[in-house]
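Data first, discussion second: the structure below is written as structure tokens.
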Amino acid sequence: MKVAITSTGNSLDNKLDQRFGRCSYFIIYDTETKGMEFIPNPNKDVQAGAGPASVQLIASRNAQKIISGEFGIKIKSLLDSLKIQMIVLKEPEKTIREIINMLNQ
Amino acid sequence: MSPRPTRLRKISNPPLISGFKPYGAKNSNGKTEAVFLHFEEYEALRLCDYELLNHLQASIIMDVSRPTLTRIYAKARQKIAEALVQGKQIIIEGGKIYFDSEWFSCKSCRCYFNNPDKQEEIKKCPLCGSGTISNCQELFYEPEESVSRCRDICICPKCDYEQPHKFGVPCKSEICPVCGHNMLKKIMPQNKKTTKEKKDESSNYKYRKQFG
């Protein structure tokens with residue numbers, strides 16, 4: 001199963017980005033093959049509609065879960081109809097490595 | 001001026017099937033016309049006729065006003081009647097809706113997550129895999145105070161045993177615990193509310209809906 005994680009940078013030691021639509025990087029982690037893909041967010045600096053555009057990006061990679069600090073108001077209904085699970089983690093100090101370790105437990 | 005945009009209706013249980021087809025048509029030419037039942041109409045029908053809620057309770061669950069719910073419900077019945085009478089197929093799709101999902105929290109990693117797939121029950125945290133999860137929202141719907149507050153009394157016509165009336169249960173279906181006879185509603189002329197009292201209650205309800 002693929003899990004999307006929002007990150008502040010493109011390495012495992014970077015921290016979890018607290019925003020979803022305007023995060024710096026998306027990390028698509030595959031829990032079965034342990035493979036991961038770093039995608040720079042193209043919607044980082046757009047004026048409006050960053051959330052729905054990011055949802056499209058995640059959905060095109062077939063991720064079934066998204067881990068982020070916060071989700072905007074336009075996102076919830078979109079993700080619900082796409083059956084993607086939202087996981088809200090309010091811990092900005094957690095690194096991507098720690099989150100992946102948690103997923104593997 | 002453009003009209004006011006439609007308020008999104010909340011759908012808590014999406015339908016399991018995407019439609020119905022008629023069979024055994026007398027003069028079929030192989031093709032049947034379709035009636036498009038919207039998701040919100042399906043949901044209104046489910047809440048009112050399957051869950052047996054009243055329109056006010058259903059409207060709160062769907063996050064619309066009571067008159068709007070009644071309109072959606074009337075439309076649903078009209079469409080289903082049309083399909084039955086004219087032998088059309090029913091396709092459930094469309095409508096101004098959003099899907100609602102339950103939220104849970106995990107105690108060991110302090111995260112929150114939702115369950116977009118209603119079919120599967122969540123037993124462990126998707127992040128750390130521990131079983132210490134709890135449901136965030138109180139899912140069970142509690143009737144509004146103005147609806148559940150009821151001063152009526154059920155009375156047994158045989159032995160005059162009295163008990164407070166249960167909201168939503170007809171007095172006739174209550175059975176007297178003393179003699180086993182079916183009970184009746186006690187007629188109390190002083191129980192009738194004045195118009196002013198009713199008006200107060202409805203304004204209270206609006207206030208609660210807005211702020212509570």
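A few notes on this one:
- Unsatisfied cross-links (Cα-Cα over 26 Å) in the set A:Lys34/A:Lys83; A:Lys65/B:Lys79; A:Lys2/A:Lys94; A:Lys76/B:Lys123; B:Lys21/B:Lys96; A:Lys83/B:Lys96: A:Lys65/B:Lys79
- Shielding score for A:82-95, defined as the mean number of other chain Cβ atoms within 10 Å: 4
- Förster-model FRET efficiency, 35 Å R0, B:Asp49 and A:Glu32, C-beta, rounded to 0.05: 0.20
- Between B and A, buried accessible area from a 1.4 angstrom probe totals roughly 1600 Å², ignoring ligands, DNA and RNA.
- Descending semi-axes in Å of region B:70-123, equivalent ellipsoid built from Cα gyration tensor: 39, 12, 8
- With a Förster radius of 41 Å applied to the beta-carbon distance between B:Ser134 and B:Lys26, the computed FRET efficiency rounds to 0.10.
- With the highest mean first, a sort of the peptides B:6-15, B:56-65 on other beta-carbon atoms found within 10 angstrom per residue produces B:56-65, B:6-15.
- Positive-end residue, chain A charge dipole about Cα centroid, Cβ charges, pick of A:Gln64, A:Ala53, A:Ile96: A:Ala53
- Rounded percent of accessible protein surface that carbon and sulfur make up, chain A, 1.4 Å probe: 49 percent
- Sorted peptide list for B:67-80, B:40-53, A:32-45, criterion being average Cβ within 10 angstrom, highest first: B:40-53, B:67-80, A:32-45
- Computed with the Debye formula from one identical point scatterer per Cα of region A:33-105, without solvent, the log10 of I(q)/I(0) at q = 0.11 Å⁻¹ comes to -0.30.
- Within the full protein context, the accessible area of A:Thr6 is estimated at about 0 Å² for a probe radius of 1.4 Å.
- Antiparallel bridge percentage (DSSP; both residues within region A:9-105; nearest 5): 60 percent
- Computed on the Cα trace of region B:1-80, the radius of gyration divided by the Kirkwood hydrodynamic radius gives Rg/Rh = 1.07.
The values are calculated or read from the model by the stated rules, or taken from the named source; none is laboratory data. Please read these numbers as outputs of a predicted model, since none were measured by experiment. Here Cβ is always computed from backbone atoms with ideal geometry, including for glycine, and neighbour counts include all displayed protein chains. Side chains are part of the model used for accessible areas, which takes the heavy atoms of the whole protein and leaves out ligands, DNA and RNA. Shrake-Rupley method; radii C 1.70, N 1.55, O 1.52, S 1.80 Å.
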